[in-house]
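One structure is given here, and the rest of the page talks about it.
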Ligand SMILES: [Mn+2]
């Protein structure tokens, strides 16, 4: 019999653990929806982040999975951006990456929006990241359990798509494609180019490709999925098609 390690046991969620993660995700989705309604030209990242934190408290989820990331415009190129005084302007990309906890279980989601009509380049980058995510999700749906292969599917697509781009966007895909989620926001297993992890049935993973251009901005789209015997189940309900992420600036 194969010896199991604690991180492997922890990765597989019971029904109750999964229910907590899903509940945390649903609360996050409500908070995101409320935040989109609240957005206004001239609003600072800091004010948006504060609104998000307050909404989580309102919905009874006062312990967040990590400090919310709110980035406008060029700041979306920084994967570790901390909300600051930058004000929302028409034509900006708007990135939200946040999650909360329910009975200690985390949720994690990223969405990138456009405040008004996106430029051709913004559209191109968005659609490429979305396609990379869909390819990874399709591979998971087919039952692929090797973490390295899932990372590769998304990363190779983006590399091919942008290989002639002088901005070298792949300088910016510095993070792995995703990670396990549980009582810790980042836990085993990991989607990374050199990962040797095999996904156990019942683990919850994020799938979050991104492209980042310094001085321009970035796009990241992150969903959480449950790994099942035959494939995966997406736990994220917030729409992400291009038409859903173009917001009317006001
Ligand atoms: Mn994440």
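The values are calculated or read from the model by the stated rules, or taken from the named source; none is laboratory data. Everything quoted here is computed from the prediction, not taken from an experiment. Cβ atoms come from the backbone with ideal geometry, glycine included; neighbour counts cover every protein chain shown.
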Open item on the list: Here is a check on your reading of the model: is residue 107 at pLDDT 95 or above and away from the ligand (no atom under 16 Å from the Cβ)?
Closed with: no
Task: Subset tally (residues that are within 11 Å of the ligand (Cβ to nearest atom) and either surrounded by fewer than 22 Cβ atoms within 10 Å (Cβ to Cβ) or within 16 Å of residue 14 (Cα to Cα) (or both)) for segment 205-221 - done: 1
TODO: Give 117, 58 a once-over and let me know the one that is over 18 Å from the mean Cα position of the chain (by Cα), under 24 Å from residue 236 (Cα atoms) and either away from the ligand (no atom under 16 Å from the Cβ) or touching a residue at least 60 places away in the same chain (Cβ under 8 Å) (or both).
DONE: 58
Task: Test result for residue 71, at pLDDT 95 or above, under 16 Å from the mean Cα position of the chain (by Cα), assigned to a helix (DSSP H, G or I) and crowded, with 19+ Cβ neighbours inside 10 Å - done: no
Open item on the list: Against the condition within 15 Å of the ligand (Cβ to nearest atom), part of a helix (DSSP H, G or I) and modelled with pLDDT of 95 or more, how does residue 185 come out, does it pass?
Closed with: no
